[in-house]
Amino acid sequence: MPIGNIVILGCGGYIGSHLLDRLLREPGNKIFGWDLEHRKIEHHLGNPALNFEESNIGSTYARQRLEEQVASADVVINLAAICNPAEYNTEPLRVLDANLFDLQPVLRMCAEQRKWLIHFSTSEIYGRTISSYLPDESFDDPDLYVLKEDETPLIMGPIRNQRWTYAAAKQVVERLVYAYHRERGMPFTVIRPLNFFGPRMDYLPGHDGDGVPRVLASFMAALIDRKPLQLVDGGWARRTIVSIDDAMDAVMAVLQQPERSQNQFFNVGNPDNEVTVRELAELMRTVYAEITDDKTYLEHPIHDVSAADFYGAGYEDCDRRMPSIEKAKALLGWTPRKSLRTTLQETMRAYHETYVVQAAASGAPAEATGPAVSSEEAR
Ligand SMILES: NC(=O)c1ccc[n+]([C@@H]2O[C@H](COP(=O)([O-])OP(=O)(O)OC[C@H]3O[C@@H](n4cnc5c(N)ncnc54)[C@H](O)[C@@H]3O)[C@@H](O)[C@H]2O)c1
């Protein structure tokens with residue numbers, strides 16, 4: 001069933017590209033998409049159902065155009081963000097602008113026109129768990145670490161730890177969204193993603209970008225380039241990984257059931273796929289040994305590095321992100337299905353295909369090829 005007219009901010013990013021794949025499959029949807037770049041959605045640019053604007057949503061031009069588009073929209077989806085941990089403490093002003101101030105005019109437009117806003121937030125708004133502040137840091141009591149949308153307190157570190165700029169900006173946006181709902185009647189849905197893994201996440205440094213991408217792409221680049229995997233602070237932090245396919249099922253369930261999804265906050269993650277980052281590194285080298293049929297990857301070096309050396313001063317990690325997904329199950333009828341191993345196999349095969357096989361077939365060095373249809377995230 002088509003959704004109708006959909007405005008998507010940040011449609012050219014990782015999640016946006018997968019969402020377009022789903023929405024443009026369905027005749028009857030008309031997308032007004034915005035992003036600063038288009039490499040990941042090149043395969044959709046000729047589609048008449050997509051009206052793509054390569055422009056900053058914070059510009060005067062964009063605000064004028066968006067007024068008209070929001071007026072005709074059935075739903076507005078916000079994915080635009082700077083969401084790379086390497087930038088939270090190194091470029092805090094950019095992070096606060098992109099994740100908070102640039103969005104405020106759009107929130108106001110949705111509120112004035114009472115349009116349904118689906119906002120992609122983050123599990124980072126929960127900050128650290130209560131367990132992590134207890135003397136023994138134990139995880140004996142789920143009430144002290146399982147993240148529940150409408151109950152769990154949000155605990156962030158001190159202001160000098162600038163790593164929390166992203167989480168703080170996202171939390172204020174959630175508070176704005178909720179205030180616009182309560183005071184102005186704006187319908188909303190907030191999605192809190194927990195480590196969506198799949199093709200097209202980020203870029204591989206030295207191949208099609210520079211810098212430090214999220215953990216999946218960082219580990220993938222290290223494997224492909226035969227460099228050590230860098231494990232920050234011993235890799236003790238725990239994450240749950242959900243396949244991008246399962247995650248997109250959840251988003252479609254939100255879109256197709258407004259009567260059940262509106263005015264709710266949802267965790268979208270897979271509690272069955274929990275790993276420490278160290279375990280993730282070890283599993284990724286095992287899976288890559290299978291994909292490449294190269295047993296030397298089983299012993300691929302993993303090096304420890306401090307957070308201060310890797311991310312710079314002011315970094316602090318969320319210790320554990322174990323979501324409750326009971327709300328999504330009960331209201332949306334959604335349950336994630338793919339195991340961690342399957343998710344890694346599919347994702348890493350896609351990276352390998354793009355950055356190794358296709359690069360070799362084109363005769364070009366890997367760094368000359370685009371990311372177009374493969375890669376992915378974490379942290
Ligand atoms: N991928 C995950 O697992 C994950 C986890 C937690 C939260 N999220 C949230 O989901 C959303 C999408 O994440 P993603 O992984 O696709 O990130 P992404 O970085 O791949 O995509 C974000 C897109 O927003 C665009 N953008 C940023 N500022 C813009 C601006 N001013 N104007 C126009 N476009 C702009 C970027 O160019 C980028 O393509 C973000 O809000 C992110 O915080 C994602």
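Structure above, values below:
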| read-out | value |
| --- | --- |
| Longest exposed-site-free window of the chain, the sites being GluC sites (Glu not before Pro) in a DSSP loop that have at most 14 other C-beta atoms within 10 Å | 152-379 |
| For segment 248-307, radius of gyration divided by Kirkwood radius, i.e. Rg to Rh on alpha-carbons | 1.24 |
| Cα Rg, Dmax (largest Cα-Cα span) when computed across segment 19-145, Å | 18.6, 59 |
| Extension gain (nm, one decimal) between Arg341 and Arg22, 0.36 nm per residue minus Cα-Cα | 112.5 nm |
| Net lengthening on full extension, Tyr133/Glu259 (0.36 nm per residue, minus Cα-Cα) | 41.5 nm |
| Antiparallel DSSP beta bridges within segment 205-357, percent to nearest 5 | 35 percent |
| Percent of C-alpha pairs per 5 Å bin, segment 58-215, short to long | 2, 8, 15, 17, 18, 16, 12, 7, 3, 1, 0, 0 |
| Kirkwood estimate for segment 145-304, i.e. one over the average of 1/r between Cα atoms, Å | 18.3 Å |
| GNM top mover of Ala289, Ala86, Ala330 - the chain, alpha-carbon springs below 10 Å | Ala330 |
| Dipole of the chain, positive direction: furthest Cα of His18, Phe188, Pro135, with charges on the beta-carbon | Phe188 |
| Unit charges on C-beta of K, R, D, E only; dipole of segment 129-241, Debye | 460 debye |
| Candidate lysines for bridging to Lys170, where Cα separation is under 29 Å - those fewer than 8 sequence places away on the same chain excluded | Lys30, Lys40, Lys115, Lys148, Lys327, Lys329, Lys338 |
| Using a Förster distance of 56 Å, the FRET efficiency for Asp272-Thr60 (Cβ separation, nearest 0.05) | 0.75 |
| Structure-based [θ]222 nm, the chain - -39500 (n - 2.57) summed over DSSP H runs of at least 4, per residue, nearest 500 | -10000 deg cm²/dmol |
| Debye intensity ratio in log₁₀ form over the Cα atoms of segment 6-64, taken at each q of 0.16, 0.23, 0.24 Å⁻¹ | -0.43, -0.86, -0.93 |
| Radius of gyration and maximum dimension Dmax of segment 179-233, Cα, Å | 17.9, 55 |
| Space enclosed by the convex hull of the alpha-carbon atoms of segment 208-284, per residue, Å³ | 144 Å³ |
| Inverse of mean 1/r across different Cα pairs in segment 127-202, Kirkwood, Å | 15.0 Å |
| Calculated SAXS-style log₁₀ I(q)/I(0) at q = 0.07, 0.13 Å⁻¹ - the chain, Debye, Cα scatterers | -0.30, -1.10 |
| Kyte-Doolittle mean at least 0.0, axial Cα span of 15 Å or more - DSSP H helices of the chain | 244-256, 277-292 |
| Whole-number percent relative contact order across the chain, with pairs defined as alpha carbons under 8 Å at least 6 apart | 19 percent |
| Percent accessible area from carbon and sulfur atoms, the chain, protein chains only, probe 1.4 Å | 49 percent |
| Using a Förster distance of 25 Å, the FRET efficiency for Arg175-Ala330 (Cβ separation, nearest 0.05) | 0.50 |
| Unit charges on C-beta of K, R, D, E only; dipole of segment 56-157, Debye | 680 debye |
| Rounded to 5, percent antiparallel among DSSP beta bridges of the chain | 10 percent |
| Surrounding net charge for Leu298, when Lys and Arg each add one and Asp and Glu each subtract one, Cβ distance under 11 Å | -2 |
| Whole-number accessible area per residue in Å² for segment 160-249, which is evaluated in the context of all protein chains at 1.4 Å | 33 Å² |
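The values are calculated or read from the model by the stated rules, or taken from the named source; none is laboratory data. For clarity, every value in this text was computed on a predicted model and none was experimentally measured. FYI the Cβ positions are ideal-geometry reconstructions off the backbone, even for glycines, and counts take in every protein chain you see. Note: areas computed on protein heavy atoms with side chains; ligands, DNA, RNA excluded. Shrake-Rupley method; radii C 1.70, N 1.55, O 1.52, S 1.80 Å.
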